[in-house]
């Protein structure tokens, strides 16, 4: 009897470690590519069947900053992302308020319409956007590229903000006015603090979306609006994998940082699985 | 009076929605229409109507290959991400030590650019990458590096890597909103763990799995950066579209025709998918 119990116990603990093996394999699969990029970007003379690069060097980073104007490209990327975030937030605040707090006949239908740009492949409407922008001379301007990004960023922001506004408790607002606060005071001291986290998380997510956006940038960029993802793609085409790796590392760090920073505050998984009943 | 105030409130609602609707029509609907009209024009002209681009593309034997490839890649990636997500979320649900870390890990492929993921995966699975080194070192029958990059299985793996978070996240959130009383009831009624899983948990989270898999499918169908740099000779529709505008002179009409076909196929497939699989309970 005790033998059987010990056997079962062993099986139980083994099962638990099997679960960890599974999780470990999963984490390896996710993080390993980045590790390879890091090694590649610091490695020198890493040829043949070697596990690790024989020599470490900063050469590729230096080279990457020499052949490409990294500050310029970073500036482009940041300017475009900032413009896109600003426009997306300005659009999403009123529209999100309407979706979250007002009665709209056929709300579901309107919402799925707003979210349609996330369903159709970006390259399909990117084509149309590019043709329109050529006509309006918006190609190769920061504003134009940001406007193209808006097609993807705005639905995100509207989705997140409408959920935030919907979560505002009517009773809290009533309590505030019962206690004698003017509408303006209610807005400033009750509504704003309540919705600020939602707005911030929507801004962060639209920022990373725009920062990482590749397809729509590729359709609308020019020589003055090369962004980091596009530059990485060009570098890949040039075939210097070490240099591309060095650029990728510079590109990827801010995104990962944002993910690790906001994970406590906003439950980022909510934003990915965002829309139900597609 | 009441009628008037209702009208006014409706107007205010409309005004509030206006920015979003303007964005939708200006940046999505109008571009789609422009592409549609462009696809019906002869190449490089602003007048005249023709179906030539659709006919020419669809009559190529290669076109069928392209469409089939697009579907094969996106459907296989969807199936693979379901196969990965369900065990993963069942494990993560138990709140083991360090589950926060693995939850975060799940989101990583979605916050980095697809390009970089593809680059890392190409390095990892290349003939000199760690996967092949491990296989050569520890698996007795393998003496040649296994070719993964620029093959269809490799592409499916890359797609799954990049797009499974949609399925996993949606499944996890469904799983966590599940009422534990149902499982307890099943267990009390004498079902073993496997039966509980098979007959209670899985059917209950099915809507979540399906909704997530739709998201994965949509993303995989429109995937662009991965096949562009890791596809080699395999070009799904998105890359095919991009190739058309990379010719000099750019073939905008041909590209637009392909884009319309792509959008049409996606909407058609999703409609069928939702009809067939949507359960009354959702």
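Between residue B:265 and residue A:107, what FRET efficiency comes out of the Förster formula 1/(1 + (r/R0)^6) with R0 = 30 Å and r the beta carbon distance, rounded to 0.05? Present the calculation step by step, with values, prior to reporting the outcome.
Working: r = 29 Å, r/R0 = 0.96.
So, using R0 = 30 Å, E works out to roughly 0.55.
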- Query: For the residue pair residue B:15 and residue A:253, what label-to-label distance in nm results when each label sits 7 Å from Cα along the Cα-to-beta-carbon direction?
  - Reply: 4.8 nm
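Residues of A:144-151, mean number of Cβ from any other protein chain within 10 Å of their own Cβ, rounded to a whole number? If you can, show how the numbers build up before the last one.
Values: counts 0, 0, 0, 3, 2, 1, 3, 6.
That works out to 2 on average.
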- Task: Output the peptides B:120-127, A:2-9, B:141-148 sorted from most to least packed, where packing is the average of other Cβ atoms within 10 Å over each peptide's residues.
- Result: B:120-127, B:141-148, A:2-9
- Query: For the pair residue A:72 and residue A:13, what calculated FRET efficiency results from E = 1/(1 + (r/R0)^6), where r is the Cβ-Cβ distance and R0 = 56 Å, to the nearest 0.05?
  - Reply: 0.50
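Could you sort B:150-161, B:172-183 so that the peptide with the highest average Cβ count within 10 Å comes first and the rest follow in order?
Numbers: B:150-161: 20.2, B:172-183: 14.6.
Going by the mean number of other Cβ atoms within 10 Å, highest first, we get B:150-161, B:172-183.
Sort B:138, A:143 by Cβ crowding within 10 Å, fewest neighbours at the top.
Details: B:138 8, A:143 14.
Ascending Cβ contact count within 10 Å gives the list B:138, A:143.
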- Message: To make sure I understand, if each residue's beta carbon is the centre and we count other beta carbons within 10 Å, what order do A:58, A:113 fall in, fewest to most?
- Response: A:58, A:113
- Note on the structure: Here FRET efficiency (C-beta to C-beta, residue B:197 to residue B:274, R₀ 30 Å, nearest 0.05) is 0.70
- Message: List residues of region A:203-239, by number, whose backbone nitrogen lies under 11 Å from a label position 7 Å along Cα→C-beta of residue B:250.
- Response: A:218-222
- Message: With an 8 Å Cα cut-off and a minimum separation of 6 or more residues, compute the relative contact order for region B:200-282 in percent.
- Response: 27 percent
- Average partner coverage of B:218-225, which counts Cβ from other chains inside 10 Å: 5
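Once fully extended, how much extra length lies between residue B:127 and residue B:152, figured as 0.36 nm per residue of separation less the alpha-carbon to alpha-carbon distance?
7.4 nm
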- How far apart, in nm, are two points set 7 Å out from the Cα along the Cα-to-Cβ line at residue B:97 and at residue B:5? 6.2 nm
- Kirkwood Rh over alpha-carbon pairs of the protein assembly as shown plugged into Stokes-Einstein at 20 °C, 1.002 mPa s gives a D in µm²/s of 83 µm²/s
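We did not get these values from a lab; they are worked out from the coordinates using the rules stated. For clarity, every value in this text was computed on a predicted model and none was experimentally measured. As a convention, Cβ positions derive from the backbone with ideal geometry for all residues, glycine included, and neighbour counts pool all protein chains shown.
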